[in-house]
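K.L.:
The structure is given below, and queries will be raised subsequently.
Bear in mind that the values in this text are calculations on the coordinates, not laboratory data. Everything quoted here is computed from the prediction, not taken from an experiment. Heads up, the Cβs are rebuilt from the backbone with ideal geometry, glycines too, and the neighbour counts pull from every protein chain shown.
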Amino acid sequence: MKGCAEAHGRGPMGALPLSYLGDDVLRQVAEPVKAISSEVRKTIESMFATCAAEQGIGLAAPQVGLAKRIIVIDLSEHDLDPFCLVNPVLKRRSGPPMTDEEGCLSLPGVFLEVTRPRDILVEGRDEKGRLLRFEASDLLARCIQHEIDHLDGKVFTDHVTDGTRRDEELKALDARLVDLRAARQAAMLAGGR
């Protein structure tokens, strides 16, 4: 099976720095993409590379500092081809609520149970501008909902009902983020960004 970077012809060298909880971009509502240009396609490629480098299964543009309505999903380990959605819209949420553990590249090391609808109908455009409209269930539906939340300025911990456990996890995350932000800043300075 190919990972998302290999499937899209790009290795980790195209990866972008991650945004972490507390970075303003994660709480902004992302702007719609007006046209799928070569720049947008390069962003998508870099998002796939970042997803692969960080061993994630999904990534939203705000997680790499871009307030644009773009998500990438890589469930190749579950026999699904990686894909992107530009300007995704959830048209329907249905089915019984399902509770499962979620994590997030922007909240490293935090894993908490979240309840979401099991089934969705989603619509968006691929990297070539083609309209995609499909139903998804279970892990795929959860992943798409999680990433679209990022486009709406939300993170998965906003949906956690166990406030005590959430607060404990976020307190521990604060300490880790000091080191992660320092490493990100050093990498950006070394790369001339």
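K.L.:
Output yes when any residue across segment 122-144 is under 16 Å from Gln63 (Cα atoms) and of a type outside the set (Ser, Thr, Tyr), and no when none is.
P.N.:
Pass one, segment 122-144, residues under 16 Å from Gln63 (Cα atoms): 143-144.
If we keep only those that are of a type outside the set (Ser, Thr, Tyr) too, we end up with 143-144.
Yes, segment 122-144 contains a residue that is under 16 Å from Gln63 (Cα atoms) and of a type outside the set (Ser, Thr, Tyr).
K.L.:
Output the residue which, of all residues in segment 12-39 that are assigned to a helix (DSSP H, G or I) and either aromatic (Phe, Trp, Tyr) or surrounded by fewer than 21 Cβ atoms within 10 Å (Cβ to Cβ) (or both), is farthest from the chain's Cα centre (by Cα).
P.N.:
Ser38
K.L.:
Here's a follow-up. Could you please find all residues in segment 50-68 being crowded, with 24+ Cβ neighbours inside 10 Å and over 11 Å from the mean Cα position of the chain (by Cα)?
P.N.:
Ala52
K.L.:
Note down all Cβ pairs under 7 Å where the first residue falls in segment 25-38 and is closer than 9 Å to Asp152 by Cα, the second is of a type in the set (S, T, N, Q) and crowded, with 18+ Cβ neighbours inside 10 Å, and they're at least six residues apart or on different chains.
P.N.:
Leu26/Ser19; Leu26/Ser106
K.L.:
Let me ask something else. Take residues that are farther than 15 Å from Ile148 by Cβ and tell me which of the strands (runs of 3 or more DSSP E) falling wholly in segment 58-136 contain 3 or more.
P.N.:
On the way: elements: 58-60, 70-73, 83-102, 112-125.
Per the criteria, 83-102, 112-125.
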